[in-house]
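S.K.: Following this message is one structure expressed as structure tokens.
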Amino acid sequence: MDLIGQLGAFEASAREAIRGATDDTALEKVRIEYLGARSGKLKDLQSLLGTAPKELKPVVGKRFNEVKNTVTTELDERKRTLARPKLAAGGLDVTLPGVAFSVGRRHPLSQTIAEFKDITGRLGFTVATGPEIEDEYHNFDALNIPYDHPARDPLDNFYLATAEVGTEKTSGQGKVIRMMRSQTSTVQIRVMEQTPPPVRIVSIGRVYRPDAIDATHHCMFHQMEGLMVGDGVTMAQLKTVLRSFALAYLGRDVQIRFRPSFFPFTEPSVEVDMSMDAAGTRWMEIGGAGMVDPNVLKAVGYDPEQVTGFAFGLGVERFCIRRHGVDDIRHFTNNDLRFLRQF
Ligand code: DAH
């Protein structure tokens, strides 16, 4: 066999031996047998190189180097393969990098609402719900808001064009006027219609107003309504509940202040502010509250001589904004992942 042929045979036989070696010791034997510096088969071939005819020497030398490299590389590769942990049945290689699953997260407002429920639950309030498509009766009439009150202005509410004639209680002429609720106070009425006193509920949900949208206003936002009615419920209890709630959500450094105000469904009424800095130089309104007006209690069949109650309505976004330093209410609905991933 000519030298080129011998080199080819050497290569083929070495590769087969390498593949046949199943552990380090066997592989080392193969290495010595084929590449060993003193008595390896390649060494024998090397000593024959000198016998090649002069004009073939470059070709044979080149082939020799090729074969040497191939076999050396294959040996190294086999060594690395053998060093890897055995694949478990099913072909799972535990040394491979894992696949990163991107885990979703809850919307910051959903997180806030969950925490609100948790805190008010500890204060003894259960959760009630009501429809977002309301009728005028629950949104206004039953809340002692007179028919000519500016809050009913069509420009300040989303009235629905599909008003239908119905049998429900109405303000107008036998028509049920439907609208997107402008406040969660509607749920106070729905709960009291269904339940005799005492009641102690919160209701958290969306409300709708056609406000011009900017950094602090949106046409849809969230409120938490609270209602506690029973024997001897007082304004002092209202203030304690609101203060405890705000401290639980915002931390001990927040200050809460109450300002006299007016709402048709409470008497007396207050507006509630929270401090925006430690010194109390900046304040933000967080909602309204007060003692449930006797007219409201009468509208749902409660006896104002027997029970009293307090109610409050708080802006959910405002709390979330203060706690997390959010600078624009529109972030909550823009669905920008860079914003959402921070929560
Ligand atoms: N519903 C009022 C609003 O949206 C807030 C409010 C004020 C709710 C006083 C109440 C309350 O329950 O007692 O502006």
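The values are calculated or read from the model by the stated rules, or taken from the named source; none is laboratory data. In this text, all values refer to a predicted model and were calculated from it rather than measured experimentally. Using ideal geometry, Cβ is built from the backbone for each residue, glycine included, and neighbour counts are taken over all protein chains shown.
S.K.: Being more than 10 Å from the ligand (Cβ to nearest atom) and either in contact (Cβ under 8 Å) with a residue 40 or more places away in the chain or surrounded by 23 or more Cβ atoms within 10 Å (Cβ to Cβ) (or both) is the filter here, so list the residues in the stretch 182-195 that pass it.
M.R.: I189, R190, V191, M192, E193
S.K.: Take the conditions touching a Phe, Trp or Tyr at 6+ places or on another chain (Cβ under 6 Å) and assigned by TED's automatic domain parsing to the domain that holds R181 and apply them to D253. Does it pass?
M.R.: No, not satisfied.
S.K.: Of the residues that make up the stretch 198-213, is at least one buried (at least 21 other Cβ atoms within 10 Å of the Cβ) and in a loop (DSSP other than H, G, I, E, B)?
M.R.: No, the stretch 198-213 has no match at all.
S.K.: Let me ask another. Do the conditions hold for Y147, that is, is it in the same structural domain as G313 (by TED's automatic domain parsing) and either at pLDDT below 95 or more than 21 Å from F263 (Cβ to Cβ) (or both)?
M.R.: So Y147 passes the test.
S.K.: For the stretch 264-290, how many residues meet the condition of being away from the ligand (no atom under 16 Å from the Cβ), aliphatic (A, V, I, L, M) and under 30 Å from the mean Cα position of the chain (by Cα)?
M.R.: Qualifying residue count, the stretch 264-290: 2.
S.K.: Surrounded by 19 or more Cβ atoms within 10 Å (Cβ to Cβ), within 12 Å of the ligand (Cβ to nearest atom) and assigned to a strand (DSSP E or B) - does that describe any residue in the stretch 240-255?
M.R.: Among the residues of the stretch 240-255, not one is surrounded by 19 or more Cβ atoms within 10 Å (Cβ to Cβ), within 12 Å of the ligand (Cβ to nearest atom) and assigned to a strand (DSSP E or B), which makes the answer no.
S.K.: Would you point out which residue out of L297, L340, L314 is more than 27 Å from D214 (Cβ to Cβ) and not β-branched (V, I, T)?
M.R.: L297
Residue-wise test of (1) surrounded by 11 or more Cβ atoms within 10 Å (Cβ to Cβ); (2) outside any loop (DSSP other than H, G, I, E, B); (3) in contact with a Phe, Trp or Tyr (Cβ under 7 Å, 6 or more places away or on another chain).
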residue: L48; (1), (2), (3): yes, yes, no
residue: L56; (1), (2), (3): yes, yes, no
residue: V59; (1), (2), (3): yes, yes, no
residue: L75; (1), (2), (3): yes, yes, no
residue: V99; (1), (2), (3): no, no, no
residue: L109; (1), (2), (3): yes, yes, yes
residue: K117; (1), (2), (3): yes, yes, no
residue: G130; (1), (2), (3): yes, no, no
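S.K.: Just to be sure I understand the filter: pairs with C-beta atoms under 6 Å, separated by 6 or more residues or on different chains, first member in the stretch 113-130 and assigned by TED's automatic domain parsing to the domain that holds F332, second member surrounded by fewer than 17 Cβ atoms within 10 Å (Cβ to Cβ) and of a type in the set (S, T, Y). Which pairs pass?
M.R.: none
S.K.: Something else about it: When you go through (1) closer than 20 Å to R122 by Cβ; (2) more than 10 Å from the ligand (Cβ to nearest atom); (3) touching a residue at least 60 places away in the same chain (Cβ under 8 Å) one by one for G301, which number turns out not to apply?
M.R.: Only one criterion in (1) closer than 20 Å to R122 by Cβ; (2) more than 10 Å from the ligand (Cβ to nearest atom); (3) touching a residue at least 60 places away in the same chain (Cβ under 8 Å) is unmet by G301, namely (1).
S.K.: Regarding R318, is this residue of a type in the set (K, R), in the same structural domain as V241 (by TED's automatic domain parsing) and farther than 16 Å from G226 by Cβ?
M.R.: no
S.K.: Given the conditions (1) under 24 Å from S110 (Cβ atoms); (2) part of a loop (DSSP other than H, G, I, E, B); (3) within 16 Å of the ligand (Cβ to nearest atom), report the number of the one that D327 does not fulfil.
M.R.: Tallying (1) under 24 Å from S110 (Cβ atoms); (2) part of a loop (DSSP other than H, G, I, E, B); (3) within 16 Å of the ligand (Cβ to nearest atom), D327 fails exactly one: (3).
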